[in-house]
Amino acid sequence: MNKTAKPLKQPISVLVVLHNEQGEILLLERADNPGFWQSVTGSIEPGETLADTVCREVMEETGIVLEKSGLLNWHQQQEYEIFAHWRHRYPPGVTHNTEHVFSACIPTDTAIRLSAEHTRYQWLAISEAAKLVFSPSNREAILDLPSKYQSC
C-alpha cells in the first residue's frame, strides 16, 4: 500500500453549525471549489465518537478548540447520496452517507485559522448563510438553529 494514500472514509459524518452570540453563522469557502460555502463537516475516524469527530474537524478546519461540553448534539441525522466524484474516497459500493448535526456557540472575536481545505470564512446572518450554502442539509440546519440556539 502506498504510504501517502489516505484511508478510505467511513460513510458517517458530522455537520457543525458554528454560531456567535449574535446568532450569526460561520461559513467556510472550499479551496477545491471556489464559491462553495459550507459549515464545518467531516467523516468519523476509527475509534472516534461523534463528539470527538466534531472537535477534531472544527480544530482542523478553523483552528478553534472546542470542549465537548460546549457542543450541542441535535440528535438529528440525515442520509444522503455521496456525489459520484467523491465516492472514490469511500469503500467500494458505498453510495450514501449518514450525517449527524451539531452546533456550538463561539465568541465573534475567536481567532480563525483556516486549513488548506478552505480559503476564506465569513460570519453571516442566518438568512444569508442559508442562501449561500450549497448543501440542502446544511441549509436546513442553519434555518433550524434558532430552535436549537445555545448561548456562548
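The values are calculated or read from the model by the stated rules, or taken from the named source; none is laboratory data. On a predicted model such as this, the values are computed, not experimentally measured, just so you know. Positions of Cβ are generated from backbone atoms using ideal geometry, with glycine treated the same way; all protein chains shown enter the neighbour counts. Accessible surface areas use protein heavy atoms only, side chains included; no ligands, DNA or RNA. Shrake-Rupley method; radii C 1.70, N 1.55, O 1.52, S 1.80 Å.
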Next item on the list: Can you bin segment 1-51 into rounded, prolate or oblate? Criterion: square roots of the alpha carbon gyration tensor eigenvalues sorted a ≥ b ≥ c, rounded for a/c under 1.5, prolate for a/b above b/c, oblate for the rest.
Entry: oblate
Item checked: Global geometry of segment 66-134, whether rounded, prolate or oblate, following the gyration tensor of its Cα atoms and the 1.5 cut on a/c -> prolate
Check: Which angle from 0 to 90°, rounded to the nearest 10, does the C-alpha axis of helix 136-148 make with the longest principal axis of the chain?
Finding: 40 degrees
Notebook entry, point to check: How high is the relative contact order of the chain, given as a whole-number percent (alpha carbon pairs under 8 Å, six or more residues apart)?
Noted result: 34 percent
Next item on the list: Send over a whole-number figure in Å² for the accessible area per residue of segment 12-147, probe 1.4 Å.
Entry: 49 Å²
Notebook entry, point to check: List the GluC sites (Glu not before Pro) in segment 20-86 that DSSP assigns to loop (not H, G, I, E or B) and whose Cβ has at most 14 other Cβ atoms within 10 Å. Which are they?
Noted result: 21, 67
Check: Under a point spin-label approximation (7 Å from Cα along Cα-to-Cβ), what is the residue 32-residue 96 distance to one decimal in nm?
Finding: 2.4 nm
Next item on the list: Within the set of other residues whose C-beta is less than 15 Å from the C-beta of residue 101, count the net charge using Lys and Arg as +1 and Asp and Glu as -1.
Entry: -3
Item checked: Computed magnitude of the charge dipole of the chain (debye, nearest 20; Cβ of K, R +1, Cβ of D, E -1) -> 420 debye
Next item on the list: Could you state the angle between the C-alpha long axis of helix 50-62 and the longest principal axis of the C-alpha atoms of the chain, as a value from 0 to 90 degrees rounded to the nearest 10?
Entry: 80 degrees
Notebook entry, point to check: Which percent of the accessible heavy-atom area of the chain goes to carbon and sulfur, probe 1.4 angstrom?
Noted result: 55 percent
Next item on the list: Go ahead and estimate [θ] at 222 nm for the chain from helices alone: -39,500 (n - 2.57) per DSSP H run with n ≥ 4, summed, over the residue count, rounded to 500.
Entry: -6500 deg cm²/dmol
Next item on the list: Counting other Cβ atoms within 10 Å, keep those with at most 12, restrict to DSSP loop, and tell me which trypsin sites (Lys or Arg not before Pro) in segment 1-51 are left.
Entry: 3
Checklist line | Of the trypsin sites (Lys or Arg not before Pro) in segment 37-110, those whose Cβ has at most 10 other Cβ within 10 Å and which sit in DSSP loop | finding: none
Check: Check residue 12: other-chain or 5+ apart residues with amide H under 5 Å from its amide H, H built from backbone geometry?
Finding: 44, 98
Check: In the set (1) 63; (2) 46; (3) 53, which value of percent of Cα pairs over 19 Å apart was calculated from the structure you see?
Finding: (3)
